[in-house]
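Reading through the structure tokens given below for one structure.
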Amino acid sequence: MLYQVHEFQRAVLEPWRWWAKASSDALGHTFSPLSYAPAAKNVAAGLDLMLRLTARYERPPFAINSVTINGQAVAVTEEVVLDKPFCQLLHFKKATFDKADKAAKSTRTEPSVLIFAPLSGHFSTLLRDTVSTMLLDHDVTITDWKNARDVPLSDGAFHFDDYVTYVQDFIRHMQKTGEVHVVSVCQPTVPVLAAIALMAQHGETLPKTMTMKGGPIDTRKSPTSVNDFATHRPLSWFESNVIERVPVKYPGANRRVYPGFLQLTGFVAMNPERHIDSHRDYYHHLVKGDGESAEAHRVFYDEYNAVMDMPAEYYLDTIERVFQSQSLAKGELIVAGELVNPAAIKKTALFTIEGELDDISGSGQTQAAHTLCTGLTPARRQHLTAPAVGHYGIFSGRKYRETVYPKVRDFIAKNA
């Protein structure tokens, strides 16, 4: 019932939001006489803040329209190359300029990279910086996960085993046009490693490389507060307290999900002081007329607050297999009745990346993949602990672009 209560609360707030928006505009617009009233800026700023705190944030766009390569702007367009019930493959198609006929022509002469975005609350647009940076030297495709509330119940459930199958299907699809390099960020490192191991066990063609960033391969190493939260409660607690059914107003009505609004509450609860300070600063920026700082706040929280519902089956499977049982790390992971053996991987080079200050995936958790992939020679292994970098810094921001990405680029080039 919590989901229904949440939706009812939003419906009740809508009339207030209309009034607050009109009042904020009237008090904050330069050409409005009311903007010159005493404390008008303060009231307008307060209303603006409350509007943002009560807003519904949908999936933001990638908005990568072009990238600058060697000083020249190259147009980028998005195209869906494979569509499945819970996820689509989104390709960022670059164009080269043909001086002879003045036409833009697509090209795929660069290494093809398939990025596996997390299915853990936020949309794949969280990896916008990862995509835009990798586009400088690669042909990039990303897994664009769908909001489970929008997937009809008739499309069935989505378990951990289904995720592994999706990974394999995506890799096979990408290999139709040539070699592929895989990059997995955070949560997907476990199902991606399992999928590639099973493909190796079946003698299939494998990706040339697999780069794994900040993932929970072995959560017994340097456990974080996230790991503790998942392990100090029985699976029944999660099923009883965070799993809800989608209300009838959505296409996925009656589907069991871990709602996005509950996930966002959990994200904020991990560091509430930071968010309180950030919103307080936003209010003062508005009062002072510091539009640049206020806009930076909006950009960050437009992305941070955009969360999606996760399929309940996958969420519970992940809690049990990855965090509570550590099945992959212990050599006990079974997918579709088959034991996963990462030692079977012999030709896919492995690059693991961790952030020195990562408080979500602890030190050594991702590097543990090397312990499992015993079939790889030293020449096919590489590890990086990025200094003074947190979890998000291994895939976004200045430190990612300056410290992490060049290593990934060179690793892929060396093994292409």
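Every number here is computed from the coordinates shown, using simple stated rules; none is lab data. This is a predicted model, so every value here is computed, not measured. Glycine gets a Cβ as well: all are built from the backbone with ideal geometry, and neighbour counts include every protein chain shown.
So the values come out like this:
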read-out: The range 206-362, Cα convex hull volume normalised per residue, Å³; value: 191
read-out: Fewest-first sequence of Asp309, Asp137 by Cβ atoms within 10 Å of each Cβ; value: Asp137, Asp309
read-out: Amide proton proximity set for Lys146, modelled H, under 5 Å, gap of 5+; value: Cys87, Gln88
read-out: Loop-resident sites, the range 327-401, for trypsin sites (Lys or Arg not before Pro), counting at most 12 other Cβ within 10 Å (DSSP); value: Lys330
read-out: Fluctuation leader among Ala95, Ala312, Ala194 - the chain, Gaussian network, Cα springs under 10 angstrom; value: Ala95
read-out: Gaussian network model of the chain, Cα within-10 Å springs - most flexible of Ser396, Ser32, Ser24; value: Ser32
read-out: From phi via Karplus (6.51, -1.76, 1.60), per-residue ³J(HN,Hα) for the range 62-67 in Hz, x at Gly/Pro; value: 5, 6, 9, 8, 6, 10
read-out: Beta bridge orientation in the chain: antiparallel %, DSSP, nearest 5; value: 55
read-out: Cα convex hull volume per residue for the range 289-416 (Å³); value: 160
read-out: Gaussian network model of the chain, Cα within-10 Å springs - most flexible of Leu13, Leu384, Leu333; value: Leu13
read-out: Separation between Cα centres of the range 119-142 and the range 207-221, rounded to whole Å; value: 17
read-out: Cα gyration tensor shape of the range 78-215, rounded if a/c is under 1.5, else prolate or oblate by comparing a/b with b/c; value: prolate
read-out: Ascending count of other beta-carbon atoms within 10 Å, so fewest first, for Ile334, Ile412; value: Ile334, Ile412
